[in-house]
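A.B. asks: There's a structure below that I have some questions on.
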Amino acid sequence: MGADQGPRRHYDGRWSDMRVRFAPSPTGALHIGGARTALYNWLLARGGPHGPNGEEGTFVLRIEDTDRERSTPENVEQILDALRWLNLDWDEGPVFQSQRAGRHREALEELLASGRAYHSSATAQEVRAYKERHGWERGFRGEPESAGAVRLRYPDAGETGFDDVVRGKIRFANSSRDDPVIARADGSLLYNFAVAVDDLDAGITHVVRGEDHISNTPTQLLVFDALGVPPPVYAHLPLLYGPDGRKLSKRHGAASVQELRAAGYLPEAVDNYIALLGAGFSADEEHFSLQELAKRFRLERVSKNPAIFDEQKLRHMNGRHLRELGIDELTRRLEEYTGRHGLRGAVEISAEKIQTLADFWPLVSFLFDGPVDDARAFQKVICSDGGVENLEAAREALASAEPFTVENVEAALRGVVEALGAKPGKVFQPVRVAIAGTTVSPGIFESVALLGQEETLARIDRALDRAGARKS
RNA sequence: GCCCCCAUGGUCUAGCGGUCAGGACGCCUGCCUUUCACGCAGGAGAUCACCGGUUCGAAUCCGGUUGGGGGUACCA
């Protein structure tokens, strides 16, 4: 702790001494935007050209819970849970900003003593009045008083700027900045002051966060300067928006990590997708594992444009990651997701037909819970156009298929098609509807074989009865 | 109002002074085929926001405009 940090390194492709942090404020669930910020920090710490001894950077987790009104332990747990689910492990923390009040106060005293900060009782109204008098591009400057809130003194001239890794040079004229309040009248500290002190004490070398923090940066820079230490390197990420081009929020459906998980997305796919939003990894490939992402991630290549969260693309990527898992692992995840067991067979025959974990059960539930009730499908496929006759023929062939393997089921059914001179679908679809209840299912031979001979015949009989009852 | 950031097909992006402006998602067509998908092969879709410069030459550099976004709290 303390100001003894040595010279801060600039982002120069060497990472062995890199210390980054993710510092969410627990005022709600972890958003996909926050998740991406966490991910980028993690990628930075874990990947890139490693130091001479192959060291990784350090990823620090800090909870900015100084907003007592809105920060809750439940939200903290939700955020940690989301981070774990995304496989973003941290090396230090979580450190709670609220527990560092003593150190914050100490730093505050230092600034007060050096005259870089001063007590001021000026109210928001007085600040307005000041600006109306001096012009709106003129920042507020207060008079030092003996008590009240504490404001940080901005220089009157010159500019405060920094070299943002993703945006390049950003400058603010000091004269345009209000002297910001860094401590309330009751002594509690404000965000812009606390972050700087915390980043300093944690030895953070690179601050990577959302671009909504750009205009906070000069104030934090000023705190570092007042404390007499060099600031970290900054990188501001573009924000993420919903499909309507507006800020991402609960209204846009799956906006939080938890919601994505509930919707059947894989952490692998979510990591991959959100990494792509705003980072040009490659011109011709975009399917990556977390490790590959870490290896390829380049902070200076991060896009400056805000991106819109596109769930369709996430679905697509999820399908690829899902198929990459392999049957055993996919089965494990699906059993966890659905709360069912003995799913392996169903997974085998449906894996290539689903894009999310949520797609699975509707497709295969008929194998476990009986046919789905889809009256329209029944009417259209079985109660018309030779449906009953073909189904009867199929039943007969299936009844003598021994043993009841996929191969024999296929041979039996194809034999019917040939004998009848019908189009394949005219035989297969009635069977499908008879056993599944709907026109959509995994492959028919595989489904029938998995269902078993007895159950298949029973379902066909039931369908036949039902069709007969309809006719008469 | 003031300060700051951004601008390539619907979406995510590649591009970094000379390209038929490339890829991915989505969409359409065909193949595969028992449905749905997967996979494969094609296709439609971009006055590179606009206007002015610089240059033999600009999506690429500069300026302005417009549009979008962020900040402007004794919130984080």
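A.B. asks: In square nanometres, what is one fourth of the surface area of the convex hull spanned by the alpha carbons of region A:370-471?
C.D. replies: Average projection, Cα convex hull of region A:370-471: 5.5 nm².
A.B. asks: Charges at C-beta only: +1 for Lys and Arg, -1 for Asp and Glu. How large is the resulting dipole of chain A about its Cα centre, in Debye rounded to 20?
C.D. replies: With only Lys, Arg, Asp and Glu charged at Cβ, the dipole is about 1200 debye.
A.B. asks: Same structure again: Given a 1.4 Å probe and every protein chain left where it sits, what share in percent of the accessible area of region A:370-471 is carbon and sulfur?
C.D. replies: Roughly 51 percent, rounded to a whole number.
A.B. asks: Sticking with this one: Net charge around A:ARG171, counting only other residues with Cβ within less than 13 Å of its Cβ (Lys, Arg = +1; Asp, Glu = -1)?
C.D. replies: That sum, taken over residues with Cβ under 13 Å, equals 0.
A.B. asks: Still on this structure: Please sort A:378-384, A:168-174 by packing, taking for each peptide the average over its residues of neighbouring beta carbons within 10 angstrom, highest first.
C.D. replies: A:378-384, A:168-174
A.B. asks: Pop out the ³J(HN,Hα) list for region A:207-213 in order, Karplus 6.51 cos²θ - 1.76 cosθ + 1.60 with θ = phi - 60°, rounded to Hz; leave Gly and Pro as x.
C.D. replies: So the J values, rounded to whole Hz, are 9, 10, 8, x, 6, 5, 9.
A.B. asks: Another question about this same structure. What number comes out for the charge environment of A:GLU106, summing +1 per Lys or Arg and -1 per Asp or Glu over other residues with Cβ under 11 Å away?
C.D. replies: Counting the neighbours of A:GLU106, the net charge comes to 0.
A.B. asks: Amide H to amide H, which residues 5 or more places from A:THR58 or on other chains are under 5 Å from it, using H placed in the peptide plane?
C.D. replies: Under 5 Å from the amide H of A:THR58 lie the amide H atoms of A:MET18, A:ARG19, A:VAL20, each far enough along the sequence or on another chain.
A.B. asks: Still on this structure, please answer the following. Report the number of Lys pairs in chain A whose alpha-carbons are under 20 Å apart, with separation of 8 or more residues or on distinct chains.
C.D. replies: Pairs that pass both the separation and distance tests number 9.
A.B. asks: Between region A:299-345 and region A:175-196, what's the alpha-carbon centroid distance in Å?
C.D. replies: Spelled out, the Cα-based centre of one part sits 43 Å from the other.
A.B. asks: Take the Cα coordinates of chain A, assign each an equal point scatterer, and use the Debye formula without solvent to give log10 I(q)/I(0) at q = 0.06, 0.11, 0.14 Å⁻¹.
C.D. replies: Log10 I(q)/I(0), no solvent term: -0.43, -0.92, -1.27.
A.B. asks: Rounded, prolate or oblate: which fits region A:250-358 when a ≥ b ≥ c are the square roots of the eigenvalues of the alpha-carbon gyration tensor, with rounded for a/c under 1.5 and prolate only if a/b beats b/c?
C.D. replies: prolate
A.B. asks: Return the carbon/sulfur percentage of the accessible area of region A:19-241, one whole number, probe 1.4 Å, all protein chains in place.
C.D. replies: 49 percent
A.B. asks: Given the whole protein assembly as supplied and a 1.4 Å probe, what does the accessible area of A:ARG100 come to in Å², nearest 10?
C.D. replies: 30 Å²
A.B. asks: Please work out the Cα center distance from region A:19-98 to region A:109-170, rounded to the nearest Å.
C.D. replies: 30 Å
A.B. asks: Also, I was wondering about something else. Computed on alpha carbon atoms, what radius of gyration and Dmax characterise region A:169-253, expressed in Å?
C.D. replies: Cα radius of gyration and Dmax of region A:169-253 are 15.4, 46 Å respectively.
A.B. asks: Give me the accessible area per residue for chain A, probe 1.4 Å, as a whole number in Å².
C.D. replies: 46 Å²
A.B. asks: Counting every Cα pair in region A:19-241, what percent are over 24 Å apart?
C.D. replies: 47 percent
A.B. asks: Rounded if a/c is under 1.5, else prolate if a/b is larger than b/c, else oblate: which is region A:330-412, with a ≥ b ≥ c the root eigenvalues of its Cα gyration tensor?
C.D. replies: Here region A:330-412 falls in the oblate category.
A.B. asks: Leaving out ligands, DNA and RNA but keeping every protein chain, what accessible area does A:SER256 have, in Å² rounded to the nearest 10, with a 1.4 Å probe?
C.D. replies: For A:SER256, the solvent-accessible surface is approximately 10 Å².
A.B. asks: Could you please report the charge total around A:PHE162, scoring K, R as +1 and D, E as -1 over all other residues with beta-carbon less than 11 angstrom from its beta-carbon?
C.D. replies: Net of charged neighbours comes to 0.
A.B. asks: Rounded if a/c is under 1.5, else prolate if a/b is larger than b/c, else oblate: which is region A:280-430, with a ≥ b ≥ c the root eigenvalues of its Cα gyration tensor?
C.D. replies: Prolate, since a/c reaches 1.5 and a/b exceeds b/c.
The values are calculated or read from the model by the stated rules, or taken from the named source; none is laboratory data. Since this is a predicted model, take the numbers as computed values, not measurements. Cβ atoms come from the backbone with ideal geometry, glycine included; neighbour counts cover every protein chain shown. Note: accessible area is taken over every heavy atom of the protein model, side chains too, but ligands, DNA and RNA are not part of it. Shrake-Rupley method; radii C 1.70, N 1.55, O 1.52, S 1.80 Å.
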